[in-house]
Amino acid sequence: MAYKKNIKYEDLISQENIDRFKMGHSYDSYKFMGSHIATCKGKKGICFNVWAPNAKNVYLVGDFNDWNKESYPMENINDSGIWSIFLTNVIIGQSYKYNVIGWDGISRMKSDPYAVYSQKRPNTASIVYNQDDYKWKDQKWLKNRENKKYDNEPMNIYEVHLGSWKRKWDGEFFSYDELYEMIDYVKDMGYTHIEILPITEHPLDESWGYQTIGYYSSTSRYGRPDEFKAFIDKCHESEIGVIVDFAYSHFCKDEHGLYKFDGTNQFEYSDPLKAENIGWGTAHFDLGKSEVNSFLLSNAIYWFNEFHIDGMRVDAVSSMLYLDYDIGQWKPNKYGGRENLEAIDFLKRFNETIYRYVDNPIVVAEESTAWPMVTGPTYKGALGFTYKWNMGWMNDTLRYMEMDPIYRKYHHELITFSFMYAFSENFILPLSHDEVVHGKKSLLDKMPGDTWQKFANLRALYAYYMIHPGKKLLFMGCEFAQGLEWRYAYGLEWELLEIEPHIKMKDYIRDLNNLYRSEKALHEIDNSYEGFDFIDPHNSEQSVVVLMRKGKKPKDFMIAVINFTPIVYYDYKVGVPYEGVYEEALNSDNDKYFGSNQTMKGAKLTSTNEKWHNKDHYIKIKVPPLGVSFIKGKDIFLDKLDINKEEKILIGGNSKKSEIINKKSIIKVQEL
């Protein structure tokens, strides 16, 4: 059902809409639930519809009746549990709630679960709002998005919390339109996407949005829904995609929210062992209940269709999949296992629904266990997500990087093990907000050594993260080496950009991001061993790793030599795939990045025709201390396999032409 201005009230409360909602088959329930402009018997007004199946009575309360708790009784339509009222004296912008008289006779003042706009905390009422009026300007972006092949393209995500990217001098938030500055910054830094911590309405700043009240309401902390739409529109104009976090595993128990909505466990499980998330002090959605399915599935479609988001990240998927996840006492499923069977079915249906109704969406799972086949199509037995955060890589890598380099050789497997499973899922490598909060320290402060070593270690971490298979995600502030861990109530330490090492770290990240985007080898084959070659994973004694990423064409490859010790290694032999001349594309130890400048300064690295590292050729390089050297072909020879093996193809690394070399002739050919 499409939005229509002046839609008829009877169409909103049609039996078809009610039946689809109650059967769990409504994927656009937001179009008739909540508050809507409508006409009834020729009169224009606002209708309100709310689901409260076990309520004895429901009353509409608001500015329009001086908050009289019983003057506007709602009707239980055909005893469906959907209560409705149509009023002509309500205007856009007025606040309202539902006075729900529960099965126990207790009155509870509830916000509208389908409200699209809410009062700014600490106020908790819903607001009548018409979001039909916004005129989108991103048609070109959406058209181009339909044909994007994310697996073959760079995806470099800047994760942000809108409330603490910057703060005003008086502690107030930047508004959506003031945050356009962020879009320009992200564009300049070479990121492809912004990922926003939950934007849904939430009562407590400390939850960062992960304990939601208004699943359909963009938080009023930063402005109106139309202003958030304009922010996304501006991102798309700047060719930046937008991914938003959502918490579908649990919801907060504040009095005005979903919890005990009609006096019963309406949205949450009836079984107390499944309903309560003891660790977080929240409630779990009953994912086996049809109406809850309609509520949540419609919510996903709502944000894609009405706000044009490009992707969503689903938080805490593990807590949905396991019955024993952080809740204390638990009860096995009917087969005696710990799996939450209805949650598994829901997640598959969730992803199937999104892919059915949204063109080329991105759906990301934060799943922290070894659950198999989180990503991939459901018809192959997977859960259906597009990507999964690689939490194993993140934990092992940070544990390794926090060690003094003298001990790293004894834990070499921490930096190499991830390659054993790197292609078991479609991964995103997260260096996220979760790693720089709650006493975990900033990424810079995690690094061992003095100031120079901390920055060098951090540059090495970022280079290793960039060469590793998988899409990328970096939390705000990490790009300029914020010194303090993240503080949700304050802006980032932008004043650090007046200090040399922080300025140079920001420049380094920009150059690294641009290298990732420009070199196909670093992003074109992210989910297959065809795009990867571990040239030397075994040098634990020197804590040096050599690996290669490959694109679809033979000429597209990049070698990274990563040194996790503060020792310079001279004349270090590196196996290379082809005969020819190589060059250093980027060196993390360059003095322009606050390094010690142990670079090769434009030197031509000519290969020697001798086996090394299981390659037929090798080059000798200088390996920087606590640094990474990216090596690529400048003028290399490829065996031409479809003709005489004596013939070879000379590939100019930056040239649009190639040459066939043979004993007697040189023939110009087009680039492979």
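Just a few scattered comments:
- Spherically averaged projected area in nm², based on the convex hull that wraps the Cα atoms of the chain: 32.9
- Short to long, the 10 Å bins of the Cα pair-distance histogram for the stretch 124-267 hold 10, 35, 34, 16, 4, 0 percent of all pairs.
- Sorted largest first, extent of the stretch 464-515 alpha carbons per principal axis (Å): 33, 25, 14
- Estimated FRET transfer efficiency (Thr606, Asp324; beta-carbon r; R0 35 Å; 0.05): 0.05
- Cross-link table Lys348/Lys388; Lys229/Lys472; Lys8/Lys56; Lys260/Lys289; Lys44/Lys260, entries beyond 22 Å C-alpha to C-alpha: Lys229/Lys472; Lys8/Lys56; Lys44/Lys260
- Applying both filters, DSSP loop and at most 12 other Cβ atoms within 10 Å, to the GluC sites (Glu not before Pro) of the stretch 497-595 gives Glu541.
- Contact order normalised by residue count of the stretch 477-605, Cα under 8 Å, 6+ apart, percent: 18
- The stretch 342-496 - convex hull of alpha carbons, volume per residue in Å³: 145
- Estimated distance in nm for a label pair at Tyr529 and Thr451, the labels positioned 7 Å out from Cα along Cα-to-Cβ: 4.7
- Electrostatic bookkeeping for Asp404 treats Lys and Arg as +1 and Asp and Glu as -1; over the other residues with beta carbon under 14 Å from its beta carbon, the sum is +3.
- Our summary gives the chain a relative contact order of 9 percent, counting only alpha carbon pairs under 8 angstrom and 6 or more residues apart.
- Stretch in the chain that is longest and holds no chymotrypsin sites (Phe, Trp or Tyr not before Pro) that DSSP places in a loop and that have at most 11 other beta carbons within 10 Å: 336-672
- Bins of 5 Å from zero: percent of alpha-carbon pairs in the stretch 7-127: 2, 12, 22, 25, 21, 13, 5, 1
- Here r is the Cβ-Cβ distance between Asn539 and Lys380 and R0 is 35 Å; the resulting FRET efficiency, rounded to 0.05, is 0.40.
- Asn152 paired with Asp132, simple spin-label distance in nm, labels 7 Å along Cα-to-beta-carbon: 4.2
- MRE, 222 nm, helices only [DSSP H, n ≥ 4, -39500 (n - 2.57), over the chain, to nearest 500]: -6500 deg cm²/dmol
- Cross-link reach is defined here as a Cα-Cα straight distance under 17 Å, omitting same-chain residues fewer than 8 places apart; for Lys143 the lysines meeting it are Lys135, Lys234.
- Volume per residue of the C-alpha convex hull in the stretch 473-584, rounded to whole Å³: 162
- Where trypsin sites (Lys or Arg not before Pro) fall in DSSP loop in the stretch 271-351, at most 16 other Cβ within 10 Å: Lys334, Arg338
None of the figures in this text is laboratory data; all of them are computed from the coordinates on show. In this text the structure is predicted, and so the values were computed from the model without any measurement. Every residue, glycine as well, gets a Cβ built from its backbone with ideal geometry; the counts of neighbours run over all protein chains shown.
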